[in-house]
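This report concerns only the one structure given below.
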Amino acid sequence: MVNLCLDIGNTRTKLGYFKDSVLIKVDTFMEDLSVNLIAEYAKQAPFDHMIISSVRILNQEILKELSKSYSVIVVNTNMTLPIKIAYETPETLGIDRICGAIGAQFLFPNQPTLSIDAGTCITYDFVDQNGIYHGGAISPGIQMRLDAMHKFTGKLPQQNFSAIPVTIGTTTASSMQLGVGKAAVFEIEGFIRHFSQAHQGLKVILTGGNTGYFEQQIENTIFAAQNLVLIGLDRIVAYTMKNE
């Protein structure tokens, strides 16, 4: 079975091809979802099912057109999933968070997992050893912190995050870089300690656009999985097909 998995985020879309649960190709693009875009991918590599996780509002007309030609699944919290949701407000829960948590459970079945997605925001999602999703935390991502300092002050400059190591800020720019970078590292390490103390044998999985930076900086034992949401999407397709 070949699945086309789309992880539509705030700033970009990741597309992954899975053949019999093995990820064989990943593409990243900035353009919006369209019928022509999917048609081009279908020509290059035909697929059996397409599944979509989106943090944006999807164009229903496009989905309707896609459904005429392909088997399309749009993930939502009302559908039956490989994990149970114990979140108090599931209707507000980011679909990407759920998919990442499912991916983490696939990598470490029957174990407590904490998936950390370091992207536009930094999200923390905990699933216990019984496959029950309880929730987690959300905080601003690195670039969002830099943007906020510029926006809400009179003189701090606008800049993009640099992963170049800084041990002390000797300029305003490097002080901001060190501040947001290390603060995020200390935050993640603190959350890992917080969940590890309560859940013995916790497995920590790191994903998202800033995975490379945090993987080098964090001293705790973590497992980096850049395509964790895509892995979760593929598992949802397999679970759905099995239980139809």
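Every number in this text was worked out from the coordinates using simple rules, so none of it is lab data. Everything numeric here is computed off the predicted structure, so don't read it as measured data. No Cβ is skipped: glycine too gets one built from the backbone with ideal geometry, and neighbour counts run over all protein chains shown.
Could you name the lysines in cross-link range of K155, using Cα to Cα under 25 Å and dropping any fewer than eight places away on the same chain?
K182
Where does the chain land at 222 nm, in deg cm²/dmol rounded to the nearest 500, when only DSSP H runs of n ≥ 4 count, each adding -39500 (n - 2.57), divided by all residues?
Details: 7 runs with 92 residues, N = 244.
Computed mean residue ellipticity for the chain: -12000 deg cm²/dmol.
Once fully extended, how much extra length lies between A45 and E91, figured as 0.36 nm per residue of separation less the alpha-carbon to alpha-carbon distance? If you can, show how the numbers build up before the last one.
On the way: separation 46, 0.36 × 46 = 16.56 nm, distance 3.42 nm.
So the chain would gain 13.1 nm between A45 and E91.
Of the listed peptides 180-189, 36-45, what is their order by residue-averaged count of other C-beta atoms within 10 Å, with the highest listed first?
Sorting 180-189, 36-45 by mean packing, highest first, produces 180-189, 36-45.
Nearest 10 degrees, 0 to 90: what angle lies between the long axis of helix 228-242 and the longest principal axis of the chain (Cα atoms)?
It is inclined by approximately 20 degrees.
May I have the pair-distance distribution P(r) for the chain, computed from all Cα-Cα distances with 10 Å bins from 0 and rounded to whole percent?
Bin by bin from 0 Å, the calculated values are 7, 30, 32, 21, 8, 1, 0.
In whole Hz, what ³J(HN,Hα) sequence does the range 135-151 give by Karplus (6.51, -1.76, 1.60; θ = phi - 60°), x for Gly and Pro?
Residue by residue, the range 135-151 yields x, x, 7, 9, 9, x, x, 4, 5, 4, 5, 5, 4, 5, 5, 5, 5 Hz.
For the residues T92, T207, what sequence is obtained by ranking on other C-beta atoms within 10 Å, fewest first?
Working: T92 8, T207 27.
The fewest-first ordering by Cβ neighbours comes to T92, T207.
Report the antiparallel proportion of the DSSP beta bridges in the chain as a percent, rounded to a multiple of 5.
Working: 27 of 45 bridges.
The answer is about 60 percent antiparallel.
Please report, in whole Å³, the volume per residue of the convex hull around the C-alpha atoms of the range 154-244. Spell out each step's value before the answer.
Details: hull volume 14.1 nm³, N = 91.
Measuring per residue, one finds 155 Å³ for the Cα hull of the range 154-244.
On a 0 to 90° scale, report how tilted helix 95-107 is relative to the longest principal axis of the chain, with both axes built from alpha carbons and the result rounded to the nearest 10.
Roughly 80 degrees, rounded to the nearest 10.
Could you work out the relative contact order of the chain? I mean the mean sequence separation of Cα pairs under 8 Å and 6+ apart, divided by the number of residues, in percent. Write out the running numbers ahead of the final one.
On the way: 422 pairs, mean separation 49.5, N = 244.
20 percent.
I'd like the FRET efficiency for M241 and R193, computed as 1/(1 + (r/R0)^6) with the beta carbon distance as r and R0 of 35 Å, rounded to 0.05. Numbers along the way, then the final one.
Numbers: r = 39 Å, r/R0 = 1.12.
About 0.35, to the nearest 0.05.
Over the range 89-215, how many percent of alpha carbon pairs lie in each 10 Å bin up to the one with the longest distance?
P(r) for the range 89-215, in whole percents per bin: 13, 39, 29, 15, 4, 0.
Suppose a student asked you for the relative contact order of the range 1-82, using Cα pairs under 8 Å spaced at least 6 residues apart; what percent would you report? Intermediate values should be presented prior to the final figure.
On the way: 115 pairs, mean separation 25.4, N = 82.
That works out to 31 percent.
Quick one: work out the % antiparallel among DSSP beta bridges in the range 1-100, nearest 5.
Values: 14 of 23 bridges.
Counting DSSP beta bridges with both partners in the range 1-100, the antiparallel share is about 60 percent.
Any chance you could list P(r) for the range 34-167, counting all Cα-Cα pairs in 5 angstrom bins from zero, rounded to whole %?
2, 8, 14, 14, 14, 13, 14, 12, 5, 2, 1, 0
Can you list, largest first and rounded to whole Å, the semi-axes you get for the range 1-85 by taking the square root of 5 times each eigenvalue of its Cα gyration tensor?
Values: eigenvalues 66, 56, 39 Å².
Calculated on Cα positions only, the semi-axes equal 18, 17, 14 Å.
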